[in-house]
Amino acid sequence: PRYRPDWASLDARPLPAWFDRAKVGVFVHWGVFSVPAWGSEWFWWHWQGQHDAAYERFVRRRFPPGTTYAEFAPRFTAHDFQPRQWAQLFQRAGARYVVLTTKHHEGFTNWGSPVSWNWNSVDTGPHRDLVGELGEALRESNLRYGLYHSLMEWFNPLYLADKQSDFKTQSFVLKKTMPELYDLVLKYKPDLIWSDGDWEAPDSYWNSTSFLAWLYNDSPVKDTVVVNDRWGRGCSCRHGGFYNCADKYRPGTLPDHKWEMCSSLDRLSWGYRSNMSLAEVMDEMSVIEELVQTVSLGGNYLLNVGPTKEGVIVPIFQERLLALGRWLDTNGEAIYESQPWRVQMENTTDTVWYTSKGPVVFAIFLLWPLDSVLHLSSPIPSPGTQVTLLGFDGTLEWQNQPGKGMLITLPYMLPSPLPPQSGWVVKLEGVK
């Protein structure tokens, strides 16, 4: 059936299956904001939209008097950007899809947008098509490619004029936003469009529904493309493909709609900050905890890194991504292509979470029990129940727990002054 440009029709489109199966993605925030590399990717807004004193002081100290934000663009060099190395890193991190910022709220496009004259990565800065180069490398590595795109631009005169008219005029949408979205789809054939920057104006201003109807009916990616829910004020968590709801959103209970949690390795920013300290970076345990809780509740996990202006993903981010990948090498069976089980977490604790695949149930425990006996009260075992620990040979002994559930004897772990940190999975076959 053809989709009509209204939410009732668009929301009825089934979500392409690859997205729910994928579970794990990497988000990349990269742009001119990577040049000052301070505060956050909202640098320009804090500096010249809000006149935040800390940002004004920072620019005074580091740059010549009268410096404008536009003058940062030539310093966004991407000299060390190796798209194949990025793709390899993301693949080793266990990601099944990657989402790149093609344009943040600053309006600078990471490809040669024909309607962003001289404010794009081909005319200035890297003099490269960053969107195209990364896309090619990801596809060679069999990773799905998502494009983040901000509908709005803080300081675009066309946008400011529309805003002034209370969004009764649409010059910005017709001359900038929509031409760019169509260009991105036709040029790069993305698997996912991650829309943002929608909150100031209604979807009728953005022409979101007519774009999505074209995307689902006639675009080259009509059968495979997935979109999120940021298409206009009030759409979030209500309309679109999968729901983001809010940055770092955690629902608490199982939602009835496919969703995604986006999180950032740098807890304070999405873009790269040169003064980031180790204490501000998520540790391996926190990443695995977020991933497990998200997937148990039916979500996908999108983990963000901010590369430097040269295009380097700093070693601490690489280390965290590779740690996640190693964990998934062992335990991915409980994550990829899994479904939420009838119970998402052990009722007494938030350290045991469940996923399932057909009749198989996975219990993911985040803390190793002190006596090496795992108490599970939710699964109902049968005489033929088999228990294994992913990454460990052989089956585990178990017995019925008085009352209900089961007690599982875990393999002996070498003594260590610290409890081992990172999460393990027992696979339960023949339980209800």
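The values are calculated or read from the model by the stated rules, or taken from the named source; none is laboratory data. Keep in mind that what you see is a predicted model, and the values were worked out from it rather than measured. Quick reminder, even Gly has a Cβ in these numbers, built from the backbone with ideal geometry, and neighbours come from all protein chains shown. When the accessible area is computed, the model is the full protein with side chains, heavy atoms only, and any ligands, DNA or RNA have been set aside. Shrake-Rupley method; radii C 1.70, N 1.55, O 1.52, S 1.80 Å.
Is it the case that some residue within the range 144-163 is open to solvent by less than 30 Å² (accessible area, probe 1.4 Å), touching a strand residue (DSSP E or B) at 6+ places or on another chain (Cβ under 9 Å) and farther than 26 Å from ASP229 by Cα? Within the range 144-163 (the criterion being open to solvent by less than 30 Å² (accessible area, probe 1.4 Å), touching a strand residue (DSSP E or B) at 6+ places or on another chain (Cβ under 9 Å) and farther than 26 Å from ASP229 by Cα), the answer is no, since none of the residues qualifies.
ALA87 meets the stated requirement of being more than 16 Å from GLY271 (Cα to Cα) and buried (at least 20 other Cβ atoms within 10 Å of the Cβ). If you go through the range 355-379 and keep only what is open to solvent by 20 Å² or more (accessible area, probe 1.4 Å) and within 24 Å of the chain's Cα centre (by Cα), you end up with just LYS357. Among residues of the range 211-234 that are in a helix (DSSP H, G or I), those with a beta-carbon under 6 Å from a residue that is open to solvent by 10 Å² or more (accessible area, probe 1.4 Å) at least six positions away or on a different chain give the pairs ALA213/TYR3; ALA213/PRO5; TYR216/TYR3; TYR216/ARG13; TYR216/LYS222; ASN217/ARG2; ASN217/TYR3. Here the condition is being over 18 Å from the mean Cα position of the chain (by Cα) and among the basic types (Lys, Arg); of ARG92, ARG57, it holds for ARG57 alone. Taking the range 250-281 as the range and being closer than 21 Å to GLY311 by Cα and among the aliphatic types (A, V, I, L, M) as the test, the residues that pass are LEU265, LEU268, MET276, LEU278, VAL281.
Here is a check on your reading of the model: is GLU346 open to solvent by 30 Å² or more (accessible area, probe 1.4 Å) and either in the same structural domain as ARG250 (by the TED database) or among the charged types (D, E, K, R) (or both)? No, not satisfied.
Being in a helix (DSSP H, G or I), hydrophobic (A, V, I, L, M, F, W, C) and touching a Ser or Thr at 6+ places or on another chain (Cβ under 9 Å) is a description that applies to LEU186. Among the residues of the range 230-278, how many are in contact with a Ser or Thr (Cβ under 6 Å, 6 or more places away or on another chain), under 27 Å from GLU319 (Cα atoms) and open to solvent by 10 Å² or more (accessible area, probe 1.4 Å)? Residues meeting the conditions: 3. Taking the range 140-155 as the range and being under 14 Å from GLN88 (Cα atoms) and of a type in the set (D, E, K, R) as the test, the residues that pass are GLU140, ARG144. Does VAL352 satisfy the condition of being surrounded by 12 or more Cβ atoms within 10 Å (Cβ to Cβ), more than 21 Å from GLU284 (Cβ to Cβ) and touching a Phe, Trp or Tyr at 6+ places or on another chain (Cβ under 7 Å)? In short, no.
When restricted to residues that are closer than 21 Å to HIS46 by Cα and in contact with an Asp or Glu (Cβ under 7 Å, 6 or more places away or on another chain), the range 245-272 contains 6.
Note on the range 68-82: residues that are more than 12 Å from HIS127 (Cβ to Cβ) and open to solvent by 20 Å² or more (accessible area, probe 1.4 Å) amount to 6. Selection of the range 1-24 for residues being surrounded by fewer than 16 Cβ atoms within 10 Å (Cβ to Cβ), under 14 Å from ASP191 (Cα atoms) and out of contact with any Lys or Arg (no Cβ under 6 Å at 6 or more places or on another chain) yields ALA17, TRP18, ARG21. Restricting the first member to the range 244-255 and to residues that are under 18 Å from HIS29 (Cα atoms) and in a loop (DSSP other than H, G, I, E, B), and the second to residues that are among the acidic types (Asp, Glu) and open to solvent by less than 70 Å² (accessible area, probe 1.4 Å), the beta-carbon pairs closer than 8 Å and six or more apart or on different chains are ASN244/ASP229; ASN244/GLU260. Picking from residues in the range 170-225 that are open to solvent by 50 Å² or more (accessible area, probe 1.4 Å) and of a type in the set (A, V, I, L, M), the one that is nearest to PRO1 (Cα to Cα) is LEU186. Note on the range 95-112: residues that are within 10 Å of LEU143 (Cα to Cα), open to solvent by less than 10 Å² (accessible area, probe 1.4 Å) and assigned to a loop (DSSP other than H, G, I, E, B) amount to 1. Applying the condition of being touching a residue at least 12 places away in the same chain (Cβ under 8 Å) and on the phi > 0 side of the Ramachandran plot to the range 381-404 and asking which residue is surrounded by the fewest Cβ atoms within 10 Å (Cβ to Cβ) yields GLY403.
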